[in-house]
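Working notes, beginning with the structure itself.
The values are calculated or read from the model by the stated rules, or taken from the named source; none is laboratory data. Everything quoted here is computed from the prediction, not taken from an experiment. Cβ sites come from the backbone with ideal geometry, for glycine too, and all protein chains shown count toward neighbours.
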Amino acid sequence: KSLANVGVRNLSPYQAGKPIEELERELGLTDIVKLASNENPLGLSKQVTAALQDTLAGLARYPDANGFYLKSKLAEKLGVNINQITLGNGSNDVLELLARTFVNEHHEVLFSQHAFVVYPLVTQAIGAKGIAVPAKNYGHDLDAMAAAITDKTRMIFIANPNNPTGTFLTTAELESFLAKVPAQVLVVLDEAYYEYVPAAERAPSVEWVQRYPNLIVSRTFSKAYGLAGLRAGYAVTHADIADLMNRVRQPFNMNSLSLKAAEVVLDDADYLAQSIAVNQAGMAQLIEFCEQFNLAYIPSYGNFLTIEVGANAADIYQQLLHKGVIVRPVAGYQLPNHLRVSIGLEHENQVFIDALKSILL
Ligand code: PMP
């Protein structure tokens, strides 16, 4: 153990759930509903399934190390230059790449109190000091975050919408924050749930990277595009930042299947529209249930809802599990009284609602 650096020694392992088949065997259940990882309940886009079949024949060869076609398509869609994009094996890979490229053990990294678990992980793994800034109404307190910047601060992670709270920062709030951050501090705006935000409320984040060369926008294909198992994510940045990230990036960090799938799904407008529609309907279904049963919840801009179930949340989680519904306990995010439930298909949401009702009533 002493061989690892101090940051690594103090990391706790990521708490991954058991494979569903194992759980079903253990619990003697056959149709577990998983609403735990903010995945897309629609399953893979049909166009992607077809394209993957065609890609199989080429798998004996290495993938395109630069992801030329995917980057070209993203650049065109986002109105940026191809040299502003860095691809990742999921956006987690992008986040880690950022830490490895720009942060060292003398630096401080800021994130919010209820921030996504990967921010402290990538920070600590390289021996830097992670600082969790207290949240405001479960969301980012940008004033407190700006005030926490010191000479040592190198990177600030902000998820918008935030996971696991679903809170959202407006364009005006983000803009006034960016104007305050010194140029040597990199701001990582993690927009994993961007597509679920109503178009009129989305920040022009990708346009900002020209004005704020210290801004990094990170997005993923895991949520609204439904490619979580394939691992596809990307960063949009100033070209100078992308150049540095691409020097550190492993050349084949996205595989041939994920490159192809991401490229194809970008053109599948119907799939994206359906993802958003199913999410809206499911969100309304869960909110109606919460209001009917007087359960407090954190209003969410994502594809999940974090519900306050009380001090026995851990026990309720277990009971839900035994009734065949997997949700996400969020005690590790300093939300010991809440459970996070991902929005599923209508019948899946109903299974969750019925199970929770039977436990609470
Ligand atoms: N950022 C946030 C805020 C997330 O919630 C997630 C997924 N849980 C990710 C990044 C990473 O997603 P992926 O690596 O699948 O792109």
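Tabulated data
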read-out: Selection within region 150-164 - near the ligand (Cβ under 10 Å from one of its atoms) and either farther than 14 Å from L189 by Cα or not in a strand (DSSP E or B) (or both); value: N160, P161, N162, N163, P164
read-out: Whichever residue in region 1-27 is within 23 Å of the chain's Cα centre (by Cα) and exposed (fewer than 11 other Cβ atoms within 10 Å of the Cβ) and, among such residues, is modelled with the highest pLDDT; value: P19
read-out: Odd one out for P251 among (1) surrounded by 15 or more Cβ atoms within 10 Å (Cβ to Cβ); (2) at pLDDT below 95; value: (1)
read-out: Condition check for R219: of a type outside the set (V, I, T) and either within 22 Å of G166 (Cα to Cα) or crowded, with 23+ Cβ neighbours inside 10 Å (or both); value: yes
read-out: Filtered residue count, region 133-153, keeping only those that are touching a helix residue (DSSP H, G or I) at 6+ places or on another chain (Cβ under 8 Å) and touching a residue at least 12 places away in the same chain (Cβ under 8 Å); value: 5
read-out: Pair list, Cβ under 8 Å, 6 or more apart: region 206-227 residue under 18 Å from L87 (Cβ atoms) and part of a loop (DSSP other than H, G, I, E, B), other residue within 16 Å of the ligand (Cβ to nearest atom) and of a type in the set (K, R); value: S222/R231
read-out: Residues located in region 113-129, provided they are touching a Leu at 6+ places or on another chain (Cβ under 9 Å) and within 16 Å of the ligand (Cβ to nearest atom); value: H114, F116, V118, Y119, P120, L121, V122, A125
read-out: Within region 87-124, tally of residues that are under 19 Å from N160 (Cβ atoms), assigned to a loop (DSSP other than H, G, I, E, B) and in contact with a strand residue (DSSP E or B) (Cβ under 6 Å, 6 or more places away or on another chain); value: 3
read-out: In region 72-92, the residues that are over 16 Å from Y225 (Cβ atoms), touching a residue at least 24 places away in the same chain (Cβ under 8 Å) and not hydrophobic (A, V, I, L, M, F, W, C); value: G79, N81, N83, Q84, T86
read-out: Residues of region 186-201 satisfying the condition of being in a loop (DSSP other than H, G, I, E, B), in contact (Cβ under 8 Å) with a residue 24 or more places away in the chain and surrounded by fewer than 20 Cβ atoms within 10 Å (Cβ to Cβ); value: V197
read-out: Selected residue (criterion: nearest to L286 (Cα to Cα)) from residues of region 301-356 that are in a helix (DSSP H, G or I) and among the aromatic types (F, W, Y); value: F352
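Yes/no matrix, rows are residues, columns are (1) within 16 Å of the ligand (Cβ to nearest atom); (2) under 23 Å from the mean Cα position of the chain (by Cα); (3) among the hydrophobic types (A, V, I, L, M, F, W, C):
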| position | (1), (2), (3) |
| --- | --- |
| L29 | no, no, yes |
| I32 | no, no, yes |
| A36 | yes, yes, yes |
| Q47 | no, no, no |
| T55 | no, no, no |
| D64 | no, no, no |
| V80 | no, yes, yes |
| T86 | yes, yes, no |
| F102 | no, yes, yes |
